[in-house]
1. Regarding B:Ser74, is this residue in contact with a Lys or Arg (Cβ under 6 Å, 6 or more places away or on another chain), small (Gly, Ala, Ser), farther than 29 Å from A:Gly3 by Cβ and away from every other protein chain (no Cβ under 12 Å)?
2. Among the residues of the stretch B:18-31, are any touching a Phe, Trp or Tyr at 6+ places or on another chain (Cβ under 9 Å) and within 25 Å of A:Gln6 (Cβ to Cβ)?
3. Please list, ordered by first then second residue, the pairs with beta carbon atoms under 8 Å, 6 or more apart or interchain, first in the stretch B:8-32 and among the acidic types (Asp, Glu), second modelled with pLDDT under 95.
4. Going by the conditions given, is B:Leu103 open to solvent by less than 60 Å² (accessible area, probe 1.4 Å) and within 14 Å of chain A (Cβ to nearest Cβ)?
5. Looking at (1) within 11 Å of chain B (Cβ to nearest Cβ); (2) in contact (Cβ under 8 Å) with a residue 24 or more places away in the chain; (3) not small (Gly, Ala, Ser), can you tell me which one A:Arg98 breaks?
6. For the stretch A:25-70, please list each of the strands (runs of 3 or more DSSP E) lying entirely inside it that holds at least 1 residues being open to solvent by 60 Å² or more (accessible area, probe 1.4 Å) and on the phi < 0 side of the Ramachandran plot.
Amino acid sequence: DSGVTQTPKHLITATGQRVTLRCSPRSGDLSVYWYQQSLDQGLQFLIHYYNGEERAKGNILERFSAQQFPDLHSELNLSSLELGDSALYFCASSTFDRGEGQYFGPGTRLTVT
Amino acid sequence: GENVEQHPSTLSVQEGDSAVIKCTYSDSASNYFPWYKQELGKRPQLIIDIRSNVGEKKDQRIAVTLNKTAKHFSLHITETQPEDSAVYFCAARGYSGGSNYKLTFGKGTLLTVNP
């Protein structure tokens, strides 16, 4: 157990809908990173927050957004969902903001039908 | 941006043999290289990492080597055991503007250790 928690574990929704994924980092970690994992694209970095501030963006679609709250938990919002958004979404956390020592949560499996 | 190539995509070894997985990266500014192990249906787990000022790092049966000139790094697992069977991912940390960083992952290697 890495100490990073994610909810929900599974999510099934229809095209066009909006969902919110939640992540709580390890105690003491200030950074949260979001990743998308699919069979064809592998592990893709989406976005990084450090102590409430957005730090880096990767291949994140405009339909996706995220935020980190004062208690350091983070939410990833996915809207206007398409079939191709079906994937595993992981968050990871680390102590500092340099991308080192990232520990992953158990992931949320999103299925868009 | 950074591009990470990982080889082989699948690797099958006999229990007790060694396994080597290789990665190359494109951005010479990348300076941190972690390796993750992901068992089926589980989260990626950080197993070892290396910084660019170090050429080799060992932790029991696993070791990572880095050749900055050639821009490649490798994972070595000795005395493999069936529980080593998993997908292994390499990654390279590059810059994402200013002093911000991001990890770029390889496509993964499915390692199977046969008893």
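The values are calculated or read from the model by the stated rules, or taken from the named source; none is laboratory data. Fair warning: this is a prediction, and the values are worked out from it, not measured in the lab. Positions of Cβ are backbone-derived with ideal geometry, glycine not excepted, and every protein chain shown enters the neighbour counts. We work out accessible area using only protein heavy atoms, side chains counted, and drop any ligands, DNA or RNA first. Shrake-Rupley method; radii C 1.70, N 1.55, O 1.52, S 1.80 Å.
1. Numbers: in contact with a Lys or Arg (Cβ under 6 Å, 6 or more places away or on another chain): yes; small (Gly, Ala, Ser): yes; farther than 29 Å from A:Gly3 by Cβ: yes; away from every other protein chain (no Cβ under 12 Å): yes.
Taking the combined requirement at face value, the residue satisfies it.
2. Checked against the condition, which is being touching a Phe, Trp or Tyr at 6+ places or on another chain (Cβ under 9 Å) and within 25 Å of A:Gln6 (Cβ to Cβ), the stretch B:18-31 yields no hits at all.
3. Going by the 8 Å Cβ cut-off, the qualifying pairs are B:Glu15/B:Pro115; B:Asp27/B:Gly1; B:Asp27/B:Glu2; B:Asp27/B:Asn3; B:Asp27/B:Gly94; B:Asp27/B:Tyr95.
4. Numbers: open to solvent by less than 60 Å² (accessible area, probe 1.4 Å): yes; within 14 Å of chain A (Cβ to nearest Cβ): yes.
In short, yes.
5. Of everything listed in (1) within 11 Å of chain B (Cβ to nearest Cβ); (2) in contact (Cβ under 8 Å) with a residue 24 or more places away in the chain; (3) not small (Gly, Ala, Ser), A:Arg98 misses just condition (2).
6. Numbers: elements: A:31-38, A:42-50, A:53-57, A:64-68.
In the stretch A:25-70, A:53-57, A:64-68 are the strands (runs of 3 or more DSSP E) which contain 1 or more residues that are open to solvent by 60 Å² or more (accessible area, probe 1.4 Å) and on the phi < 0 side of the Ramachandran plot.
For (1) of a type outside the set (A, V, I, L, M); (2) surrounded by fewer than 17 Cβ atoms within 10 Å (Cβ to Cβ); (3) more than 14 Å from chain A (Cβ to nearest Cβ), each residue gets a yes or a no:
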position: B:Val4; (1), (2), (3): no, no, no
position: B:Gln14; (1), (2), (3): yes, yes, yes
position: B:Val20; (1), (2), (3): no, yes, yes
position: B:Phe33; (1), (2), (3): yes, no, no
position: B:Arg43; (1), (2), (3): yes, no, no
position: B:Ile62; (1), (2), (3): no, no, yes
position: B:Val87; (1), (2), (3): no, no, no
